[in-house]
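Bear in mind that the values in this text are calculations on the coordinates, not laboratory data. If you're wondering where the values come from, they're calculated on a predicted model, not measured in any experiment. FYI the Cβ positions are ideal-geometry reconstructions off the backbone, even for glycines, and counts take in every protein chain you see.
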Amino acid sequence: MDRKQRFFVWLTAFFVAALVTGDFVGGKFFIVAGHTFSAGIIPFPLTFVLTDIVNEFYGTHGARRLTFVGLGAAVFVWAIITLSLSLPTSPESPIPDGVFRGAFGTSARLYVASLTAYLIGQLLDISIFIVLRRMTGHRLLWLRATGSTVLSQIIDSLSVSFVFLVGTRPLDFIVTNAAHNYVGKLLMAVLLTPLIYVGHAVFRRYFHLPEGDVPAT
């Protein structure tokens with residue numbers, strides 16, 4: 001395994017960790033300045049950064065491979081949680097059945113919502129990133145990184161809010177929650193943009209990894 005492949009493994013590991021963590025904490029809502037957000041907006045923006053770095057150095061195929069590895073890992077986690085919920089709880093269990101179900105009992109619907117939004121958002125982000133890269137070549141990294149996030153996360157935020165909350169919350173709450181989460185993700189992504197430049201510099205200058213080819217039009 002060469003250096004570039006080894007780094008892809010590390011990037012994939014961090015990507016999966018951020019994705020699964022976001023699924024775990026996404027069901028918790030918190031309030032800042034009177035606005036409601038999902039705690040998932042904390043780790044999820046890191047997946048955008050990692051996807052853009054992979055898109056930049058490993059191309060479309062690498063970014064899509066990252067996406068489907070993440071999907072497979074998340075489905076595996078969901079399957080284990082579902083199996084654990086179905087097992088009878090021992091009276092000697094250090095975590096009572098009620099506490100365990102309180103923490104993971106909504107995971108099925110949350111996971112379906114999260115994975116639906118994740119897959120749509122990721123594939124859209126990758127496609128938009130490539131279109132912008134065709135237009136900019138190896139210049140304006142911030143534009144293709146932020147631009148792909150701005151557009152793809154509209155669909156992502158709407159998808160996860162509707163699938164997770166429809167039938168349990170009023171429509172105006174769902175739309176408002178989607179809007180707040182979109183703004184939160186967008187702000188986090190913008191704040192994390194310098195990390196893309198850091199990753200870009202580290203890959204090129206210190207590890208001498210070449211960028212992926214700019215796709216032909």
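Scalar couplings 3J(HN,Hα) for the range 77-83, obtained by applying the Karplus form with A = 6.51, B = -1.76, C = 1.60 to θ = phi - 60°, are 4, 4, 5, 5, 5, 4, 5 Hz; x denotes Gly and Pro. Helix 141-165 and the longest principal axis of the C-alpha atoms of the chain enclose an angle of approximately 20°. Distance between the pseudo-spin-label points of Arg204 and Asp172 (7 Å out from Cα toward the beta carbon): 5.0 nm.
Near the amide H of His35, within less than 5 Å, lie no amide hydrogens of residues on another chain or at least 5 residues away, with H placed in the peptide plane.
Rounding to the nearest 10 and keeping the result within 0 to 90°, find how far the Cα-based axis of helix 3-25 lies from the longest principal axis of the chain. The two axes meet at around 30 degrees.
Compared with the dominant principal axis of the Cα atoms in the chain, helix 171-201 is inclined by about 40°. The residues Phe104, Phe30, Phe57, when put in order of fewest to most other Cβ atoms within 10 Å, stand as Phe30, Phe104, Phe57. Here the spin labels are modelled as points 7 Å beyond Cα on the Cα-Cβ line, and at Met135 and Val183 they lie 2.6 nm apart. Taking other C-beta atoms within 10 angstrom as a stand-in for reagent exposure, Leu191, Leu66, Leu123, Leu115 fall in the order Leu191, Leu123, Leu115, Leu66, fewest first.
Computed over the chain, the per-residue total of -39500 (n - 2.57) for DSSP H runs of n ≥ 4 gives a 222 nm mean residue ellipticity of -26500 deg cm²/dmol, rounded to 500.
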